[in-house]
Amino acid sequence: MIRLADDTTINYQRFFRELLEAAPWPAIIIDRNQCISFYNHLFVQLLEAVEPLQGLTLDQVISDQAILQIVQDSISSNQPRKGEHAKDTAGTAWKVSVTPLEHRKGKERATSANMLGKRARYTHFTYFVLAIEDLTELRRLERVRRDFIANISHELRTP
């Protein structure tokens with residue numbers, strides 16, 4: 001449960017589930033051991049995974065070492081990590097983002113450094129959000145545009 005300043009209590013499990021389902025991209029929340037805590041239906045669809053995923057480790061769902069390395073780098077450094085990944089020769093491309101979620105216990109207050117967006121080195125991040133944006137269609141449109149411009153340029157130069 002999360003208690004807000006006005007003593008409102010929020011069921012954080014329901015909160016995370018609803019937040020992820022509202023996200024316009026595939027996303028999951030994992031812990032430091034890369035164990036899946038929450039995920040949305042877009043993540044399941046993108047990876048063609050079989051539910052339930054909760055409790056599985058990330059490497060049981062994602063076999064791509066480049067993505068797993070981005071996740072591990074974020075966990076090791078407690079810093080956000082991003083990368084683009086070409087999944088196969090068919091032109092599938094993903095933008096992968098991993099962001100640590102700050103976790104405070106009890107009535108801990110955010111320090112002024114944290115309020116300014118600066119994370120102290122001693123801050124312990126328990127959970128991480130992994131979001132995957134499918135760039136395949138965008139890359140395809142870029143190729144179409146590039147080919148079109150090359151063809152038009154060629155036609156204009158040829159009598």
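The values are calculated or read from the model by the stated rules, or taken from the named source; none is laboratory data. Being a predicted model, the structure only gives us computed values, none of them experimental. Positions of Cβ are backbone-derived with ideal geometry, glycine not excepted, and every protein chain shown enters the neighbour counts.
For this structure, a couple of remarks:
- Hits in the stretch 32-45 - residues which are within 26 Å of ASN78 (Cβ to Cβ) and surrounded by fewer than 16 Cβ atoms within 10 Å (Cβ to Cβ): ARG32, ASN33, CYS35
- Total residues in the stretch 12-32, condition under 16 Å from the mean Cα position of the chain (by Cα) and touching a residue at least 24 places away in the same chain (Cβ under 8 Å): 9
- Filtered residues of the stretch 45-57 (kept if in contact (Cβ under 8 Å) with a residue 12 or more places away in the chain and of a type outside the set (Ser, Thr, Tyr)): GLN45, LEU46, LEU47, ALA49, LEU53, GLN54, GLY55, LEU56
- ASP88 vs. criteria modelled with pLDDT of 85 or more and either in contact with a Lys or Arg (Cβ under 7 Å, 6 or more places away or on another chain) or closer than 20 Å to LEU47 by Cα (or both): no
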